[in-house]
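See structure below.
The values are calculated or read from the model by the stated rules, or taken from the named source; none is laboratory data. In this text the structure is predicted, and so the values were computed from the model without any measurement. FYI the Cβ positions are ideal-geometry reconstructions off the backbone, even for glycines, and counts take in every protein chain you see. Heavy atoms of the whole protein, side chains included, go into the accessibility calculation; ligands, DNA and RNA do not. Shrake-Rupley method; radii C 1.70, N 1.55, O 1.52, S 1.80 Å.
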Amino acid sequence: FFFHSPEMLAKITTLALVGSAAAFTAPTMPLRSGASAMQMSAQGNAVKVAAAGAALLVAAPAFAADSAAGEKIFTANCAACHAGGKNSVVPDHTLEKAAIEKFLTGGFNEKAVATQVTNGKGAMPAFGGRLSDEDIANVAAFVIESSEEGW
């Protein structure tokens, strides 16, 4: 689950913060008789909203893969062997769509590319630990997009 825009992330963050604030804010007016149950219910709901918002922020990455950023990372880290979608080490294992579909464990998708970049395989070194998860996701997005476009 990725947030597809900064606006969506901002709305969810705001919701979580407002819920948190409401959960711990004391009423500013004296409560009438019978109103305390309603006030407690509202605070209980605010706690639930805050918890749900916080869970979303923690459980899901707050970025969508960025192909343009991935291109820069690819150029700096991958192009020595994979310039233009080629493979200078194992020539038939290119980054062309047909080759990815044939040779990449997991098939033609960003997750499979990210796994290969993270763990390496055969002659390809692992980049996990050298690149962040976000950088690897961006490279994967760039590779898939470029492959779809024919490099």
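Take the residues of the range 94-151 that are of a type in the set (Val, Ile, Thr) and under 18 Å from the mean Cα position of the chain (by Cα): which is most open to solvent (accessible area, probe 1.4 Å)? Quick ask: steps written out before the conclusion?
First, the residues of the range 94-151 that are of a type in the set (Val, Ile, Thr): 94, 100, 105, 113, 115, 117-118, 136, 139, 143-144.
Checking which are under 18 Å from the mean Cα position of the chain (by Cα) leaves us with 113, 115, 117-118, 136, 139, 143-144.
Values: 113: 12, 115: 70, 117: 11, 118: 46, 136: 5, 139: 1, 143: 7, 144: 15 Å².
Among those that are of a type in the set (Val, Ile, Thr) and under 18 Å from the mean Cα position of the chain (by Cα), it is 115.
Say whether the condition of being outside any loop (DSSP other than H, G, I, E, B), aliphatic (A, V, I, L, M) and touching a helix residue (DSSP H, G or I) at 6+ places or on another chain (Cβ under 6 Å) is met by at least one residue in the range 64-87. Let's see the steps before the verdict.
Kept after step one, since they are outside any loop (DSSP other than H, G, I, E, B), are these residues of the range 64-87: 67-77, 79-85.
Still in the list and also aliphatic (A, V, I, L, M): 68-69, 73, 76, 79-80, 83.
Then keep just the ones that are touching a helix residue (DSSP H, G or I) at 6+ places or on another chain (Cβ under 6 Å); that gives 69, 73.
Yes.
Modelled with pLDDT under 95 and either assigned to a helix (DSSP H, G or I) or crowded, with 17+ Cβ neighbours inside 10 Å (or both): is that true of residue 57 in this structure?
Numbers: modelled with pLDDT under 95: yes; either assigned to a helix (DSSP H, G or I) or crowded, with 17+ Cβ neighbours inside 10 Å (or both): yes.
The answer is yes for residue 57.
Which numbered condition in (1) within 14 Å of residue 144 (Cβ to Cβ); (2) touching a Leu at 6+ places or on another chain (Cβ under 9 Å); (3) in contact (Cβ under 8 Å) with a residue 60 or more places away in the chain is the only one that residue 84 fails?
For residue 84, the failing item is (1).
Looking at 141, 126, can you tell me which residue is of a type in the set (A, V, I, L, M, F, W, C), assigned to a helix (DSSP H, G or I) and at pLDDT 95 or above?
Numbers: 126 fails: assigned to a helix (DSSP H, G or I).
Going through 141, 126 in turn, just one is of a type in the set (A, V, I, L, M, F, W, C), assigned to a helix (DSSP H, G or I) and at pLDDT 95 or above: 141.
Evaluate the following for residue 51: is it modelled with pLDDT of 95 or more, aliphatic (A, V, I, L, M), part of a helix (DSSP H, G or I) and more than 18 Å from residue 138 (Cα to Cα)?
Values: modelled with pLDDT of 95 or more: no; aliphatic (A, V, I, L, M): yes; part of a helix (DSSP H, G or I): yes; more than 18 Å from residue 138 (Cα to Cα): yes.
It is false that residue 51 is modelled with pLDDT of 95 or more, aliphatic (A, V, I, L, M), part of a helix (DSSP H, G or I) and more than 18 Å from residue 138 (Cα to Cα).
Condition first: open to solvent by less than 80 Å² (accessible area, probe 1.4 Å), among the hydrophobic types (A, V, I, L, M, F, W, C) and within 16 Å of residue 127 (Cβ to Cβ). Now tell me which residues in the range 81-93 satisfy that.
Quick first cut of the range 81-93, residues open to solvent by less than 80 Å² (accessible area, probe 1.4 Å) only: 81-85, 87, 90, 93.
Imposing the further condition that a residue be among the hydrophobic types (A, V, I, L, M, F, W, C) reduces the set to 81, 83, 90.
Correct list: 81 only.
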